Each structure stands twice: as C-alpha cells, then as structure tokens.
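Here is the structure we will look at.
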Amino acid sequence: MISRYETVLNGQPLSSISADILILDINYSPPTFQNEVYTVAKRNGGRVYRRYVDRIQVTVSFAIRAYNIAERQQICNAIQQWARKGGILQINDREGQRLRCVCETLPVVSSALKWTDPLFVTFSAYSLPFWEEVVPSVLSLSGTSGSGSLWVPGCIDGALVEVDATANASVTSLDLTVNSRTLTLSDISISSGQVIKIAYDDEMIQSIKVGSTSLLAKRTGVDDLLVDCGQSNSFSFSSDASVNVDFKVRGLWV
C-alpha cells in the first residue's frame with residue numbers, strides 16, 4: 001500500500017515485504033541526558049562532571065491490511081525476520097542520515113479479530129545513540145605536513161574521525177591533530193603505497209591497521225580524534241615522509 005513514510009533496514013524497505021503493509025507513523029524518542037554529579041563539601045547541589053546519552057529509540061507503527069487471518073500472521077512473521085537483528089536503519093524523513101540500531105521490540109498480532117489494529121516495531125541505538133551522515137565529510141591533505149578546516153554538519157559534539165593515510169615513501173612516524181588533540185603513531189614501518197586506516201566498527205571500537213596488521217600498540221597521545229558538529233573544525237598532520245591523508249567524519253544528529 002502507498003504511504004508517505006518509508007523505513008529501510010539494511011537496504012530493504014519495510015513496504016517491500018508485502019503490498020498489504022501500510023506504514024502509519026514514525027515516532028522518535030527524545031534523547032535523555034544522563035548526568036554524573038559530585039557534591040562539594042558544605043554546599044547544596046552538585047557539579048556535573050560527565051553528561052552522556054545512553055540510547056535513542058525509534059518506533060515504527062504500521063498496519064497489515066490483509067483480511068485473511070493466516071495471511072496476516074505470515075506477513076507479521078516476515079516483518080519479524082526483517083527486524084530481529086537490527087542493523088542500519090534509514091527513514092525517508094531523515095534524508096542522508098542513518099542509525100546503527102538493535103531491535104528492541106518485535107511486532108506481534110495481538111488480536112486475530114481486530115485485523116485493522118496497528119502493530120509496532122521498536123529500534124534502539126546504544127553504541128552510537130545518534131543519527132549519523134550516510135556519506136561522511138572528507139578533508140584531504142598531502143605532503144610531509146599540512147593543515148585545513150572542515151565544516152561538519154549536525155548538532156552533537158564529539159563525532160569520531162576516521163583516517164586513511166597513504167604513504168608515498170617509507171614512513172616511520174605520523175602525527176594527526178584535530179582541534180588541538182593529537183594522535184601519534186611512532187616507531188612504525190610503512191612502505192610506499194601502504195595505507196594506515198583508523199576506523200570504527202558498528203560497536204564504535206577503534207582499529208588502527210595497515211592491511212591486517214594492528215598499529216594500536218604504536219599509538220600515543222589521545223585515543224580518539226573528535227570534532228564538534230555544526231561548525232568548522234581544524235585538522236593538521238605531520239610525517240617524516242610524504243603521505244596523502246584523508247580525514248573522514250560523519251555528522252551527528254539527535
């Protein structure tokens with residue numbers, strides 16, 4: 001059925017499962033900030049030393065307009081298969097954005113009689129509790145040193161920066177700096193043409209590799225390079241030999 005809403009999980013639209021599915025609404029939960037507070041001796045109140053969002057949720061409500069009760073159950077089972085593992089969620093009112101999510105609540109047919117009742121499926125994002133750009137913003141620099149600025153869309157501070165650094169000669173050290181935070185790789189041995197990749201998986205766990213070889217033991221300085229979204233950020237690098245460096249970051253939204 002035709003709906004003005006569409007929900008796509010891992011590249012598959014919900015509406016593609018059956019022509020009898022009608023998406024009714026998309027509901028977003030507002031992010032709730034958790035505050036960690038310490039008290040000051042002989043004073044009222046406290047001081048917040050850490051704020052974080054633990055998760056955000058999206059609930060998709062839909063109807064299965066199949067009058068046959070067995071067929072309705074079969075369609076619902078197919079939707080459960082579609083939703084159960086979560087993954088990359090995209091919704092057409094958030095063009096160019098995606099959410100890394102798990103399935104929190106599966107839909108069930110709670111009444112065989114009330115076949116027009118809406119059903120619900122809920123997704124939650126934990127490892128990265130924000131919507132992110134599908135296509136990252138990129139700043140490319142080259143030489144033995146360089147600097148530049150990059151405006152990153154979004155409204156959240158602390159978006160993670162990924163890096164591809166391709167050696168043009170033998171490299172033994174590389175400094176990467178974003179907004180005065182420097183990550184240093186030293187005592188490395190990178191041949192011309194090899195690529196150092198700083199990346200994050202779906203659980204936001206960092207890897208620093210050349211091919212399959214980890215360079216995490218060679219890292220000093222900050223653990224992560226971070227930017228503030230919705231503004232311009234400064235980037236720079238220096239190396240003992242020429243490299244091509246691509247800084248990549250996905251803007252974040254609530």
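Rule-based calculations on the coordinates, nothing more; no lab input. Here the structure is a predicted model, which is why all the values come from computation and not from measurement. In this analysis, Cβ positions are derived from the backbone assuming ideal geometry, glycine residues included, and neighbour counts consider all displayed protein chains.
A few notes on this one:
- Neighbour net charge for residue 140 - beta-carbon separation under 12 angstrom, K R +1, D E -1: -1
- Maximal additional length on extending the residue 73-residue 234 stretch stands at 52.5 nm, based on 0.36 nm per residue less the C-alpha distance.
- Over all distinct Cα-Cα pairs of the stretch 7-129, the Kirkwood formula returns a hydrodynamic radius of 16.4 Å.
- Lys pairs, the chain - Cα-Cα below 22 angstrom, 8 or more residues apart or on other chains: 6
- Efficiency of FRET from Cβ geometry, residue 32 and residue 206, R₀ 25 Å, rounded to 0.05: 0.45
- Modelled FRET efficiency - R0 25 Å, residue 144 with residue 186, Cβ distances, 0.05 increments: 0.95
- With R₀ fixed at 35 Å, the C-beta to C-beta distance from residue 197 to residue 254 puts the FRET efficiency at about 0.75.
- Taking 132, 203 and counting other C-beta atoms within 10 Å, the order from fewest to most: 203, 132
- Kirkwood hydrodynamic radius computed over the chain comes to 21.1 Å, based on all pairs of distinct alpha carbons.
- Projected label distance in nm at residue 108 and residue 155, using a 7 Å step from Cα toward the beta-carbon: 3.6 nm
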